[in-house]
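The values are calculated or read from the model by the stated rules, or taken from the named source; none is laboratory data. Please read all numbers here as calculations on a predicted model, not as lab measurements. Here the Cβ is made from the backbone with ideal geometry for all residues, glycine too, and neighbour counts use every protein chain on show.
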Amino acid sequence: METNIQHQEQLQYAEVYISDMSALKNIFLQTKNVKKVNLEFGVPFLLVKKKNEVSGFASLIIQERDKIAFKIYEKPGMSEVEKKNFMSRVESYFKKNTSPNFRNSEQLKSSVQKMVNWLNQ
């Protein structure tokens, strides 16, 4: 009997810091196939790393009727299991966080606009 051993990379989850923005911006630009960041970029709050390289991130966005939600952007190469695990982490973090960007749509709109303006300088 043959046994196949699959090595699964260890994923690391972390809050987003300003030093991460360049990598997140690049993922967004590649994913959306655009030259500049737009309002869809949102305000990133959680990222996932694989082999110390950012593989994806979750960003706060405004949906219809000023509803606060999140969007996940990822590089190609994440497995379905990894995507599912990251989504689970993001959902949990999103539900528990009570800071203004997570609960006040006007605050988030302002933050998104400032983020986009800053990243496009």
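Contact annotation: residue pairs with Cβ atoms under 8 Å, 6 or more positions apart or on different chains, pairing a residue in segment 30-44 that is over 25 Å from residue 66 (Cα atoms) with a partner that is surrounded by 15 or more Cβ atoms within 10 Å (Cβ to Cβ) and among the aliphatic types (A, V, I, L, M), are 35/29. The residues of segment 50-68 that are in contact with a Pro (Cβ under 6 Å, 6 or more places away or on another chain) and within 14 Å of residue 108 (Cβ to Cβ) amount to a single one, 59. Contact annotation: residue pairs with Cβ atoms under 6 Å, 6 or more positions apart or on different chains, pairing a residue in segment 12-25 that is over 15 Å from residue 72 (Cβ atoms) and in contact (Cβ under 8 Å) with a residue 24 or more places away in the chain with a partner that is among the aliphatic types (A, V, I, L, M) and assigned to a helix (DSSP H, G or I), are 25/119. Among the residues of segment 36-62, those that are assigned to a helix (DSSP H, G or I) and surrounded by fewer than 17 Cβ atoms within 10 Å (Cβ to Cβ) comprise 39, 40. Only one of the listed residues (112, 81, 116) is over 12 Å from residue 43 (Cα atoms) and of a type in the set (A, V, I, L, M). That residue is 81.
Scanning segment 67-79 for residues being modelled with pLDDT of 95 or more and either part of a helix (DSSP H, G or I) or not charged (D, E, K, R) (or both) gives a total of 5. Within segment 51-76, being in contact with a Ser or Thr (Cβ under 7 Å, 6 or more places away or on another chain), of a type outside the set (A, V, I, L, M) and closer than 19 Å to residue 25 by Cα holds for 70, 71, 73, 74, 75. Answer yes if at least one residue in segment 81-93 is outside any helix (DSSP H, G or I), over 16 Å from residue 28 (Cα atoms) and modelled with pLDDT under 95, and no otherwise. No, there is no match, as no residue in segment 81-93 is outside any helix (DSSP H, G or I), over 16 Å from residue 28 (Cα atoms) and modelled with pLDDT under 95. Residues in segment 1-35 that are at pLDDT 90 or above, part of a loop (DSSP other than H, G, I, E, B) and surrounded by 12 or more Cβ atoms within 10 Å (Cβ to Cβ): 16, 34. The set of residues in segment 95-107 that are in contact (Cβ under 8 Å) with a residue 40 or more places away in the chain and within 15 Å of residue 46 (Cβ to Cβ) comprises 97, 101, 102.
When you scan segment 99-121, how many residues do you find that are modelled with pLDDT of 95 or more and outside any helix (DSSP H, G or I)? So the answer is 3.
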